[in-house]
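Novice: Please read through the structure below; I'll follow up with questions.
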Amino acid sequence: MFKSICAKAIVPVALTVTGFVVVCCLLLYTTIKTDLTNDAVKHSSALADTIVKSTRYAMLRSDWDTIGNIIQNIGEQKGVEHVRIFNKKGLVMFSEDPSEVDHFVDKKSAGCASCHAGPVPSATLKDMQKARHFVNERQVKVLAITAPIYNEPACFSAACHFHSPEQKLLGTLDIGLDQAPLTKTLSVMGGRMLVFSFMVLVLTVGGVAALLRKNVFQPIRTLTDFTEKAAGGNLTHCFPEIGGELERLAHHSRQLLHQRDHAMTRLQELEEEPDPVPKAKRG
Amino acid sequence: MVQPSDSLPGAETTEYHRLRREAEKKIRKLQSRANRGLWALALFIAASIGAYRNFAFLPSLPENIQSLLGESPPTELINAALIVYTFSAIILILSRMTLGSGQAGAMAHVGYLTGFYVFYFFANVLEDNFWAVFAAGVTVLALANYHLWTYCNEALRQERESLAILERREKFFGGQPSAESSDPQNG
């Protein structure tokens, strides 16, 4: 099967086009996925910074009820899996889950390890480093952002309580967002790319195969069948009508067969003719 | 193509055996060459299994070597290199098919593809880009193997035809005195 002209023409084309389209589609999907994920992280970081700024005034006035209320309202939003503020020692001060309040955060967990890996914790992180991806206990894919709450002049000079000016970090906001919309978007995009690739492959490989079959393989097969039968002595069926360059081949094959028939007919006639020279007169 | 000489019958038999041995040797070489592509494919699959597991079975590089290697190239650059490599490899194999060259170079492609796995590994994006490298590898190696297989099959067919012609001539000319006397060449 793989030794026929048809296979030798179609198989390399099919392999090449299919493979290259698949590789390009996979790389494109990965690039778009990375871009969408990075955008989600940037958006989430901006949201976390907005929350920190929203609670700033209440913190300066030491208004714990207002801060707790803000955190509670944010936690009730659709798509927010968890939101909490903990101080520099890791003690959860505010959380949408009341059971977490006054408990310590594990510094070795995914969101904390990047800052606390060394003996001295890092004071600043880039956007991508603040993000972490995990599956929570409710089997929900979460993108969690950690936004530090830095010490400011207003913080260490406020009348209610003040922090030491040397203290760089007062606490951290940790917010986790449901990644289901992003996952769904990626899934839809992947499906569309799959359909597009399939259509491209069908058109390219199928189109090439169909055209080759119509213009090359079928005429060659017709000609081959005819010459095979003619070589076996069967000239009763019609000579095939073939167009294009194969017509020259068909014409020459026809000529050869006619010449052969003529020669065979002449030979038969010669054999049937009576011997013009009698045996007695020979030699 | 095998061409037996028209010398004395004894010499011709010796010549026949020599040519027959040569043809059989070529046939064995071609048969083993046709299967060489499968070894390359097996090696690539083994490397892919290791990459799929993020090379977890290998020890991590010491820090001094990591700092010596420096930062990994950006992922976009590695992606572009993969596309250019896949395109070039396919063009190269297709041109060899067109020219009827017997070169396949499958082992070299295994090396290049493993290199891509390593680059993605050091850029920490191997999990995302594994299937792209795997698809590129399957495409290039399948095409190379197909080319090698068709080339070797064609060469084998020609060698076997030559061997058959040789055997027919030997049967006709050699081993039988009556056959020899009726040889039109001997009169």
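Novice: Within the range A:89-100, does at least one residue satisfy the condition of being away from chain B (no Cβ under 14 Å), farther than 30 Å from A:Phe196 by Cα and free of Cβ contacts under 8 Å to residues at least 12 places away in the same chain?
Specialist: yes
Novice: Residue check, A:His258 against (1) modelled with pLDDT of 75 or more; (2) not assigned by TED's automatic domain parsing to the domain that holds A:Asp225, all met but one. Which one?
Specialist: So A:His258 meets the others, but not (2).
Novice: Now, a different point. For the range B:104-114, does any single residue satisfy the condition of being at pLDDT below 85, under 19 Å from B:Arg33 (Cα atoms) and touching a His at 6+ places or on another chain (Cβ under 7 Å)?
Specialist: Yes, the range B:104-114 contains a residue that is at pLDDT below 85, under 19 Å from B:Arg33 (Cα atoms) and touching a His at 6+ places or on another chain (Cβ under 7 Å).
Novice: Still on this structure: Among the candidates A:Met193, A:Met199, single out the residue that is in contact with a Phe, Trp or Tyr (Cβ under 8 Å, 6 or more places away or on another chain), assigned to a helix (DSSP H, G or I) and in the same structural domain as A:Ser253 (by TED's automatic domain parsing). So that I can check it myself, show each step before the final result.
Specialist: Details: A:Met199 fails: in contact with a Phe, Trp or Tyr (Cβ under 8 Å, 6 or more places away or on another chain).
On inspection, the qualifying residue turns out to be A:Met193.
Novice: For the range A:20-29, check the following and say yes or no: at least one residue is of a type in the set (Phe, Trp, Tyr) and surrounded by fewer than 17 Cβ atoms within 10 Å (Cβ to Cβ).
Specialist: No, the range A:20-29 has no match at all.
Novice: Right, something else. Six or more apart or on different chains, Cβ atoms under 8 Å: show the pairs whose first residue is in the range A:164-181 and more than 24 Å from A:Arg138 (Cα to Cα) and whose second is of a type in the set (Lys, Arg) and surrounded by 13 or more Cβ atoms within 10 Å (Cβ to Cβ).
Specialist: Sorted first by the residue in the range A:164-181, then by its partner, the pairs are A:Gln167/A:Lys88; A:Leu169/A:Lys88; A:Leu170/A:Lys88; A:Gly171/A:Lys88.
Novice: Is there a residue in the range B:46-55 that is free of Cβ contacts under 8 Å to residues at least 60 places away in the same chain, surrounded by 16 or more Cβ atoms within 10 Å (Cβ to Cβ), of a type in the set (Ser, Thr, Tyr) and under 29 Å from A:Leu27 (Cα atoms)?
Specialist: Checked the range B:46-55: no residue is free of Cβ contacts under 8 Å to residues at least 60 places away in the same chain, surrounded by 16 or more Cβ atoms within 10 Å (Cβ to Cβ), of a type in the set (Ser, Thr, Tyr) and under 29 Å from A:Leu27 (Cα atoms).
Novice: Going through the range A:21-56 one residue at a time, which ones are within 12 Å of another protein chain (Cβ to nearest Cβ) and either charged (D, E, K, R) or over 13 Å from the mean Cα position of the chain (by Cα) (or both)?
Specialist: A:Lys33, A:Asp35, A:Thr37, A:Asn38
Novice: Sticking with this one: Using the structure shown, decide if B:Ala34 is farther than 30 Å from A:Thr34 by Cβ, at pLDDT below 85, surrounded by 15 or more Cβ atoms within 10 Å (Cβ to Cβ) and touching a Phe, Trp or Tyr at 6+ places or on another chain (Cβ under 7 Å).
Specialist: yes
Novice: May I pose another question? Specify the residue that is surrounded by the fewest Cβ atoms within 10 Å (Cβ to Cβ); the eligible residues are those in the range A:30-77 that are in contact with an Asp or Glu (Cβ under 8 Å, 6 or more places away or on another chain) and touching a residue at least 60 places away in the same chain (Cβ under 8 Å).
Specialist: Among residues in the range A:30-77 that are in contact with an Asp or Glu (Cβ under 8 Å, 6 or more places away or on another chain) and touching a residue at least 60 places away in the same chain (Cβ under 8 Å), the one surrounded by the fewest Cβ atoms within 10 Å (Cβ to Cβ) is A:Lys42.
Novice: Hey, another quick one. Could you list, in sequence order, all residues of the range A:1-49 that are among the small types (Gly, Ala, Ser), farther than 16 Å from B:Val133 by Cα and either in contact with a strand residue (DSSP E or B) (Cβ under 8 Å, 6 or more places away or on another chain) or assigned to a helix (DSSP H, G or I) (or both)?
Specialist: Taking the range A:1-49 as the starting set, the residues that turn out to be among the small types (Gly, Ala, Ser) are A:4, A:7, A:9, A:14, A:19, A:40, A:44-46, A:48.
Restricting the remaining residues to those that are farther than 16 Å from B:Val133 by Cα gives A:4, A:7, A:9, A:14, A:40, A:44-46, A:48.
Selection gives A:Ala7, A:Ala9, A:Ala14, A:Ala40, A:Ser44, A:Ser45, A:Ala46, A:Ala48.
Novice: Moving to a separate point now. What are the residues in the range B:148-174 that are within 12 Å of chain A (Cβ to nearest Cβ) and either free of Cβ contacts under 8 Å to residues at least 40 places away in the same chain or polar (S, T, N, Q) (or both), if any?
Specialist: B:Thr150, B:Asn153, B:Glu154, B:Arg157
Novice: Follow-up. Tell me the residue from B:Leu143, B:Leu113 that is at the interface with chain A (Cβ under 8 Å from one of its Cβ atoms), in contact (Cβ under 8 Å) with a residue 24 or more places away in the chain and part of a helix (DSSP H, G or I), please.
Specialist: None of the others qualify; the one that does is B:Leu143.
Novice: Please enumerate the residues belonging to the range A:148-170 that are modelled with pLDDT of 80 or more and either in a loop (DSSP other than H, G, I, E, B) or surrounded by 15 or more Cβ atoms within 10 Å (Cβ to Cβ) (or both).
Specialist: Within the range A:148-170, A:Pro148, A:Ile149, A:Asn151, A:Leu170 qualify.
The values are calculated or read from the model by the stated rules, or taken from the named source; none is laboratory data. Keep in mind it's a predicted model, so treat the numbers as computed, not measured. Every residue, glycine among them, receives a Cβ derived from its backbone with ideal geometry; neighbour counts consider all protein chains shown.
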